Amino acid sequence: MRVTHNPARERRRLRALPLSAVGALVLAGAAGAANSASFTDRAGDAGRAPDITEVDVSNDDSGTITIRLTFAGDRTLGPADEVGAVLDLDQNPDTGTVYYGSEVALRFKGSMVRFARANGAQFAPAPPPASLNATSGVGSLTFSVSAADLGLAPDAGFDIAAFSETSNGDNDLAPDIRTFNYQLGSGPPPPVGADTRAPVDRAFASRGVHGKVAQLNYWAADGRGVNADTIRVYRHSRLLKTIRISLGDASPFYTYYAPWRVPRKIRGRLHFCVRSRDATGNQSNLSCGRLVIR
């Protein structure tokens, strides 16, 4: 008999972006802004990671874009800290990667700037633009890059999300879900069309103990940050459990887990499969992973 229930989606940790291992050295300098905007993010939600509290974006008459991330407590970045931003250059969450439709990613770690471009739903390492620089200081990190090097027109705009992580797995996103929008000119962002792209799912190998709650680890990512998940547990072809998670916010930056209280009589090698749908009803791929119960 199939048993269903509807728990909350449980966040596990930030999913690493596959950015290049080669980057540019940190350089200083930023021009005056011809346009600017400031966005805030709540404090106290980052654990031991850099706590992003503000994202300031500006552009000058020469076409230089400056992105300044401010950290709570005047945090100075250490060698274990990673901080960066993803940019949706066409302001369309259904193109580019599943990270809110972003086409490029900037990352800073250990005095190096790293860069990636969209390759399907994921990022792939790419040579950094010659204009890409970063300045790390007390309580902040600043990126600067030419709009032309990113393929942006002088009157264009982009969506942006910032992220941070440290070695123990603590992390922060700004904003917590979806993106901020910035316009280089004075016009509004373009309207977003119908949702045409399905979520992307991946189940990860998991473990549990009979009679206790197991965590079934998976990634369910949608460019618009909303999906519903169905997780099914099997022994061979026999269905043991179905877990349904309602449609709701889900960040593509995080992996999640579905909790399952394992019956006392269940041990050995199982597997589970996950499939998601977005708010429009587009269905993801089916992804399965092994599950070992001892």
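The values are calculated or read from the model by the stated rules, or taken from the named source; none is laboratory data. Not measured: the values here are computed from a predicted model. Here the Cβ is made from the backbone with ideal geometry for all residues, glycine too, and neighbour counts use every protein chain on show. The accessibility values were calculated without ligands, DNA or RNA, using every heavy atom of the protein model including side chains. Shrake-Rupley method; radii C 1.70, N 1.55, O 1.52, S 1.80 Å.
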Scan the stretch 207-236 residue by residue and report those that are among the small types (G, A, S), in contact with a strand residue (DSSP E or B) (Cβ under 6 Å, 6 or more places away or on another chain) and without any contact (Cβ under 8 Å) to a residue 60 or more places away in the chain. A228
Can you name the residue in the stretch 128-149 that is in contact with an Asp or Glu (Cβ under 8 Å, 6 or more places away or on another chain) and under 17 Å from A105 (Cα atoms) and, of all such residues, is surrounded by the fewest Cβ atoms within 10 Å (Cβ to Cβ)? A130
Among T230, T255, which is the only one that is of a type outside the set (D, E, K, R), open to solvent by less than 40 Å² (accessible area, probe 1.4 Å), modelled with pLDDT under 95 and in a strand (DSSP E or B)? T255
Suppose we filter A130, A134 for residues that are closer than 23 Å to N171 by Cβ and touching a residue at least 12 places away in the same chain (Cβ under 8 Å); which single one remains? A134
Scan the stretch 83-101 and give yes if some residue there is among the small types (G, A, S) and touching a Gly at 6+ places or on another chain (Cβ under 7 Å), otherwise no. yes
Could you please let me know if R264 is modelled with pLDDT of 95 or more, in a loop (DSSP other than H, G, I, E, B), among the charged types (D, E, K, R) and out of contact with any Asp or Glu (no Cβ under 7 Å at 6 or more places or on another chain)? yes
Please count how many residues of the stretch 260-289 are surrounded by 15 or more Cβ atoms within 10 Å (Cβ to Cβ) and not β-branched (V, I, T). 15
Which condition does L239 not pass, out of (1) more than 15 Å from V98 (Cβ to Cβ); (2) crowded, with 18+ Cβ neighbours inside 10 Å, if it passes all the others? (2)
Across the stretch 6-62, which residue is modelled with the lowest pLDDT among those that are acidic (D, E), over 17 Å from the mean Cα position of the chain (by Cα) and outside any strand (DSSP E or B)? D61
Residue pairs, Cβ under 6 Å, 6 or more apart or interchain, first in the stretch 173-185 and without any contact (Cβ under 8 Å) to a residue 60 or more places away in the chain and open to solvent by 50 Å² or more (accessible area, probe 1.4 Å), second part of a loop (DSSP other than H, G, I, E, B) and among the aliphatic types (A, V, I, L, M). List them. none
Number of the exception - F163 against (1) touching a Ser or Thr at 6+ places or on another chain (Cβ under 9 Å); (2) within 22 Å of G248 (Cα to Cα): (1)
